[in-house]
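Visitor: Provided herewith is a single structure, encoded as structure tokens, for subsequent inquiry.
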Amino acid sequence: MRREWWVVAGVAAVGLWFLISIEPVLMPFFVSMVLAYLGDPLADRLEEVGLSRRLAVSVVFLLLTLIVVLTLLLVVPVLGRQLGQLIESVPAILNWMQGTVVPRVQSLTGMDLSTDIDQMREAVVDNWKETGTFAATLLTQVSRSGLALVAWIGNLALIPVVTFYLLLDWDVIVGKLRGALPRSWEPAAVRLAGQCDEVLSAFLRGQLIVMLCLGVIYAIGLTLLGVRFGMLIGMLAGLASIVPYLGVIVGISVAGIVAFFQFGDWLSLLGVAAVFGFGQAVESVVLQPKLLGDKIGLHPVAVIFAVLAGGNLFGFTGVLLALPAAAVIMVLLRELNDRYKNSTLYDTRQPRTDDEEST
């Protein structure tokens, strides 16, 4: 049995090395796997209604395509425009901080911050002058690297194709993977796979919906208040909500500074606080209990570590898969902890379970 475990560890190490080696081409396949995983339950329900698998997959695929197209047409242009306006406003914000905020801080604390603000403004202005040159250089490099650009476009074009075929054969692939398992491992593997599916579905179908809802609430609330860049700040705060409390901290800080800079009174800060307070209330009372419950259980520090580690190993693809992978690893670590607690290594008075003896 020990020899078999060494074989499994060796195969896993070779597989990890292989994935790291081919990382540049993995992005469309990983994204397609996530989309197929998200769409498979809906396709199964449509099959139960009476549609064929191909027709059910076609309906799900059209819905996913419609969501992506509407997002690109309606949301992305507004966010891009507000981002450009925010970048153009940075020098004015720094001037306002030097003329308004710094004197008030000095009068309250006695600290001299004018030198630091001057250095910050000079650094921003100096880099501002180089922005055009950098953009021109980047465009020139992209135009020269025609093959890289074509490969990038090709990867994007692969995503819908791979997603469709994965959705079409998802149940078949899962069945073949289950059939390939060693018979003695199948019960434990199926049980762990069920737990991983529960955690992943809570994250992918729950946490992402929570983030989207919070982003929409924040964006609409800030826009109704008349805060500049309201949609941009709201959506960024929703994305940051992947780490508990980070979204509201970042969002209320940035929105508060922008609102105070724009309106110049404390009433606007109360309005910003009300928007984020309402979002937190909706999350606590409605979104978290209905969509998540206690299924994920990832510590905020583990979330930050997973994102940084995934980005370091696999780049942008690793960032996308960091938290789903961390959720699966968490399930496996819980299983190992339970086995350890039931072993004689932990307590010599406690005999091993039948499941552990078989493995």
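Visitor: What FRET efficiency do you get for residue 12 and residue 220 if R0 is 45 Å and r is their Cβ-Cβ distance, rounded to the nearest 0.05?
Guide: Details: r = 46 Å, r/R0 = 1.03.
Working from the Cβ atoms, E equals 0.45.
Visitor: When only DSSP loop residues count, what chymotrypsin sites (Phe, Trp or Tyr not before Pro) in the stretch 171-263 have their Cβ near at most 15 other Cβ atoms within 10 Å? Don't skip to the end; give the middle numbers.
Guide: Values: sites: 185, 203, 218, 229, 245, 260, 261, 263; in loops: 185, 229, 245.
For chymotrypsin sites (Phe, Trp or Tyr not before Pro) across the stretch 171-263 that sit outside H, G, I, E and B with at most 15 neighbouring Cβ atoms in 10 Å, the list reads 185, 245.
Visitor: From a point 7 Å beyond the Cα of residue 85 in the direction of its Cβ, which residues of the stretch 215-239 have a backbone N at a distance under 14 Å?
Guide: Flagged as within label range: 220, 222-234.
Visitor: Residue 285 to residue 155: FRET efficiency via 1/(1 + (r/R0)^6), r the Cβ-Cβ distance, R0 56 Å, to the nearest 0.05? Show your work: numbers first, answer last.
Guide: Values: r = 41 Å, r/R0 = 0.74.
Efficiency, from the Cβ-Cβ distance: 0.85.
Since every read-out is calculated from the coordinates, none of them should be taken as a lab result. Please read these numbers as outputs of a predicted model, since none were measured by experiment. A quick note on method: Cβ atoms are made from the backbone with ideal geometry, for glycine too, and the neighbour counts reach across all protein chains shown.
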